[in-house]
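Report on the structure given below.
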Amino acid sequence: MRFGVLTGGGDCPGLNAAVRAVVRRAARFGHESVGFLDGWKGVRDGLSRPLAASDVEGILGRGGTILGSSRTNPFGREEDALKVLATLEREKIDALIAIGGDDTLSAARALHERGGKVVGVPKTMDNDVRGTDWTFGFYSASAVAVDALERLRDTASSHHRAVVLEVMGRHAGWVALVTGLAGGADATLLPEEPFDEAALLARVRAAVAARGHALVVASEGIDLGERGESAQRDEFGHELLRMRGVGAEIARRIEAKTGVEARSAQIGHIQRGGPPEVFDRILATRLGAAAVDLVLHGRFGEVAVVHGEEVVGLPLSEALAGPKVVPASWLDLLHTFDA
Ligand code: F6P
């Protein structure tokens, strides 16, 4: 068989490990692989490169993706969809493995609905793909955010300030949750909960009274009650949340309303780079290999996911039934540690 593989959407640590796993697993059973460049754009435009086992040597622990990525939506326009089908035909692809988050996988579902032979692998630092317990990239990105919070603690305590760390996460606050919990923040703000300014200010005052400084983690997706429609959106219609600068705005309000000097840091794409942590290397390896196995069992239209200790196949439609947000049990644990 000839496998095609692509990485789409926002990159995250672990993509190369997943690509390597696909290529190596396919090779183990005598199949060849081809990599499409820059996500669905490469399939649409016919941009590919052969992927032999030697091409994926040494990439397991490397950040980014050797295939490149983009937020191209190939099923937004009929002419693009036809180009995708034509490329797969021309390149004699027997099975396409799409590695990505909600958007990339929804394009995979659209391809499946048109008869394309595709299997998905979930990834995203946001950890918000519904069908899987965890996505690779999430813990590596969160580790970067925890490290940032600890550095900010040093400077906040030296200057007796409140510091707000803005982390990525779009509609789901998983990164903020883990950063706040593992980094010991005084307040953590997630899109899953309404923004309560009075409660935040009370926590900042309590933390400053107790130890002279305060640390706040804010997810980029929180709604401060003055959400304007940003002009900038990606091809899937998502607002570019970093442009709203919620961290800076919260710091401004803290300083204005409590008198505590405040600063903010937006670490943005720093969270997406760097080598994958061990957990993500293993998860990406398991899911990439499992996607090949799904193909070999003829289970097209499915996505390899992790449920507890097991890696299983799930229909793409089930895995994509809305974003997976932080549930109440996690929020309850988080707020145990509020200042
Ligand atoms: O893919 C997830 C994500 O990292 C979000 O958390 C963030 O809002 C978005 O990507 C940023 O996307 P881009 O890299 O296109 O600016």
Seminar exercise, completed: Yeah, segment 1-94 with a ≥ b ≥ c from its alpha-carbon gyration tensor (a/c under 1.5 is rounded, else prolate when a/b outruns b/c, oblate otherwise) is oblate
Exercise. Lysines near LYS117 by alpha-carbon distance under 19 Å, same-chain residues fewer than 8 away left out - which ones?
Worked result: LYS41, LYS83, LYS92
Exercise. Relative to the longest principal Cα axis of the chain, at what angle does helix 15-28 sit, 0 to 90 degrees, rounded to 10?
Worked result: 30
Seminar exercise, completed: In a Gaussian network model of the chain with springs linking alpha carbons closer than 10 Å, the residue among GLY273, GLY46, GLY259 that fluctuates most is GLY259
For this session: If a/c stays under 1.5 just call it rounded; otherwise compare a/b with b/c (prolate if a/b is bigger, oblate if not). Do that for segment 180-277, with a ≥ b ≥ c from the square roots of the Cα gyration tensor eigenvalues.
Result: oblate
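First compute the accessible area of the chain with a 1.4 Å probe, then give the percent of it belonging to carbon and sulfur atoms.
Numbers: 6910 of 13760 Å².
Ligands and nucleic acids excluded, carbon and sulfur give 50 percent.
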Seminar exercise, completed: Residue by residue through segment 61-77, the couplings from Karplus 6.51 cos²θ - 1.76 cosθ + 1.60 with θ = phi - 60°, in Hz, x for Gly and Pro, are x, 8, x, x, 9, 5, 8, x, 9, 7, 9, 6, 9, x, 10, x, 10
Exercise. Which value, in debye to the nearest 20, describes the size of the charge dipole of the chain about its Cα centre when Lys and Arg Cβ atoms bear +1, Asp and Glu Cβ atoms bear -1, and nothing else is charged?
Worked result: 680
Exercise. Size of the dipole of segment 219-316 about the Cα centre, Lys and Arg at +1 and Asp and Glu at -1 on the beta carbon, nothing else charged, in debye to 20?
Worked result: 280
Exercise. Relative to the longest principal axis of the chain, what angle (0 to 90°, nearest 10) does the C-alpha long axis of helix 102-113 take?
Worked result: 30
Exercise. Cα extents of segment 215-339 along the three principal axes, largest first, in whole Å?
Worked result: 63, 37, 30
Exercise. What does the accessible area per residue of segment 142-272 come to in Å², with a 1.4 Å probe and no ligands, DNA or RNA counted?
Worked result: 42
Problem set entry | Signed unit charges on C-beta, dipole axis of the chain, positive-most listed residue VAL217, ALA291, ALA176 | ALA291
Exercise. What is the helix-to-structure angle for 246-258, meaning the angle in degrees between its Cα long axis and the longest Cα principal axis of the chain, kept from 0 to 90 and rounded to the nearest 10?
Worked result: 10
Seminar exercise, completed: Of the convex hull enclosing the alpha-carbon atoms of the chain, the direction-averaged projected area in nm² is 16.8
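The values are calculated or read from the model by the stated rules, or taken from the named source; none is laboratory data. Computed from a prediction, not measured in an experiment: that's the story for all the values here. When we count neighbours, we look across all protein chains shown, and the Cβ atoms used for this are built from the backbone with ideal geometry, even at glycine. Each accessible area value is taken on the protein alone, full model and side chains, heavy atoms only, with ligands, DNA and RNA left out. Shrake-Rupley method; radii C 1.70, N 1.55, O 1.52, S 1.80 Å.
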